[in-house]
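Some notes on the structure that comes next.
No lab work stands behind these numbers, since they all come straight from the coordinates. What you are looking at is a predicted structure, and each value in this text was computed from that prediction instead of being measured. Note that each Cβ is placed from the backbone with ideal geometry, even for glycine, and that neighbours are counted across all protein chains shown.
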Amino acid sequence: MQISPSLLASDFARLADEAATVAAAADWLHVDVMDNHFVPNLTIGLPVVEALLRHVSLPLDCHLMIEDPDRWAPAYAEAGAGNVTIHAEAAGSPVRTLRMIRAAGARAGLGINPATPVEPYTGLLPEIDMLLLMTVEPGFGGQPFLDMVLPKVRRARELIARYGGSVWLQVDGGVSEETISRCAEAGADVFVAGSAVFGADDPATAVKELRALAAAATAAGGCPR
Ligand code: DX5
Ligand code: ZN
């Protein structure tokens, strides 16, 4: 049960200060890298990630919403990111790239958009440490949660259980106090939250409340883990 607040919803002019507000409450810091090609938005890239790494205590969970992750992803791992997630829709050589991420010492994640089925990627489970199911179309924070993804979260949890290895299941997009319980019941165990954390008056308290809701729903859920 882990919470990864997304800096996308924070004040980009004060990234290190914003990160510090959740340092004692969260497990990761989610960094949304967007290139204005894979998604219609442009955020931050490797130089800012390198700078953040010098100023934050939590491990960075880098979510690359970029074209050609094969070319760029290993550098984020080499820079010291704790996790690097590439998108299935963008990767030309996912096996090689995921192996390069791991070889550089980071956890390797595979991201899947709402309309992309998970079943074709079952064979990649041994190559990854985390599967990210997008619960909004990637590109922007603050969008409404897509309930249509929940059956896929359930199927992904079953596929991971059948595989038997340790793969975290992350949801990202529209995760809030209103939606996190449904995600946890369906089998997610890592929760990205942008507006629900940095839009709150007290981000650390928001993280704690999200964690408590997810834990309660997981205990009640009975999903195979
Ligand atoms: C969207 C990003 C998300 C975003 C989530 O493309 O991948 O990480 O920050 O923001 P909220 O939680 O506001 O939907
Ligand atoms: Zn993200």
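Restricting the search to region 23-41, which residues are in a strand (DSSP E or B), farther than 27 Å from Arg211 by Cα and either without any contact (Cβ under 8 Å) to a residue 12 or more places away in the chain or β-branched (Val, Ile, Thr) (or both)?
Scanning region 23-41 gives no hits.
I'd like to know if region 176-187 contains one or more residues that are in a helix (DSSP H, G or I) and out of contact with any Leu (no Cβ under 8 Å at 6 or more places or on another chain). I'd like the intermediate steps shown before the answer.
Here is the first cut: in region 176-187, the ones in a helix (DSSP H, G or I) are 180-186.
In the following step, the residues that additionally are out of contact with any Leu (no Cβ under 8 Å at 6 or more places or on another chain) were identified as 185.
Yes, the conditions are met somewhere in region 176-187.
Out of all the residues in region 76-91, is one or more aromatic (Phe, Trp, Tyr) and either touching a Pro at 6+ places or on another chain (Cβ under 8 Å) or surrounded by fewer than 19 Cβ atoms within 10 Å (Cβ to Cβ) (or both)? Walk me through it before giving the result.
Pass one, region 76-91, residues aromatic (Phe, Trp, Tyr): 76.
Still in the running and either touching a Pro at 6+ places or on another chain (Cβ under 8 Å) or surrounded by fewer than 19 Cβ atoms within 10 Å (Cβ to Cβ) (or both): none.
Among the residues of region 76-91, not one is aromatic (Phe, Trp, Tyr) and either touching a Pro at 6+ places or on another chain (Cβ under 8 Å) or surrounded by fewer than 19 Cβ atoms within 10 Å (Cβ to Cβ) (or both), which makes the answer no.
Condition check ((1) β-branched (Val, Ile, Thr); (2) within 16 Å of ligand 2 (Cβ to nearest atom); (3) under 18 Å from Ser195 (Cα atoms)) across all residues:
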{"residue": "Pro5", "(1), (2), (3)": "no, yes, yes"}
{"residue": "Asp35", "(1), (2), (3)": "no, yes, no"}
{"residue": "Pro40", "(1), (2), (3)": "no, yes, no"}
{"residue": "Leu64", "(1), (2), (3)": "no, yes, no"}
{"residue": "Arg71", "(1), (2), (3)": "no, no, no"}
{"residue": "Glu89", "(1), (2), (3)": "no, yes, no"}
{"residue": "Gly109", "(1), (2), (3)": "no, yes, no"}
{"residue": "Asn113", "(1), (2), (3)": "no, yes, no"}
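Does Ala104 satisfy the criteria of being among the small types (Gly, Ala, Ser) and either surrounded by 17 or more Cβ atoms within 10 Å (Cβ to Cβ) or within 16 Å of ligand 2 (Cβ to nearest atom) (or both)?
Values: among the small types (Gly, Ala, Ser): yes; either surrounded by 17 or more Cβ atoms within 10 Å (Cβ to Cβ) or within 16 Å of ligand 2 (Cβ to nearest atom) (or both): yes.
Yes: the conditions hold for Ala104.
Kindly check whether there is at least one residue in region 156-170 that is out of contact with any Cys (no Cβ under 9 Å at 6 or more places or on another chain), under 22 Å from Ile66 (Cα atoms) and within 14 Å of ligand 1 (Cβ to nearest atom).
Yes, that holds for at least one residue.
Out of the residues in region 147-178 that are of a type in the set (Ser, Thr, Tyr) and more than 15 Å from ligand 2 (Cβ to nearest atom), which is nearest to the chain's Cα centre (by Cα)? Steps first, answer last, please.
Step one: list which residues in region 147-178 are of a type in the set (Ser, Thr, Tyr), which gives 163, 166, 176.
Then drop every residue that is not more than 15 Å from ligand 2 (Cβ to nearest atom), which leaves 163, 166.
Working: Tyr163: 21, Ser166: 16 Å.
By that ranking, first place goes to Ser166.
Could you list, in sequence order, all residues of region 53-75 that are out of contact with any Phe, Trp or Tyr (no Cβ under 8 Å at 6 or more places or on another chain) and away from ligand 1 (no atom under 15 Å from the Cβ)? Spell out the reasoning first.
Within region 53-75, the first condition is being out of contact with any Phe, Trp or Tyr (no Cβ under 8 Å at 6 or more places or on another chain), and the residues that meet it are 53-57, 63, 68-75.
Those that are out of contact with any Phe, Trp or Tyr (no Cβ under 8 Å at 6 or more places or on another chain) and away from ligand 1 (no atom under 15 Å from the Cβ): Leu53, Arg54, His55, Val56, Ser57, Asp68, Asp70, Arg71, Trp72, Ala73, Pro74, Ala75.
Looking only at region 186-224, filter to residues that are among the acidic types (Asp, Glu) and surrounded by fewer than 20 Cβ atoms within 10 Å (Cβ to Cβ); which one of those is nearest to ligand 2 (Cβ to nearest atom)?
Going through region 186-224, the residues among the acidic types (Asp, Glu) turn out to be 189, 201-202, 209.
From what's left, surrounded by fewer than 20 Cβ atoms within 10 Å (Cβ to Cβ): 201-202, 209.
Values: Asp201: 23, Asp202: 22, Glu209: 20 Å.
Among those that are among the acidic types (Asp, Glu) and surrounded by fewer than 20 Cβ atoms within 10 Å (Cβ to Cβ), it is Glu209.
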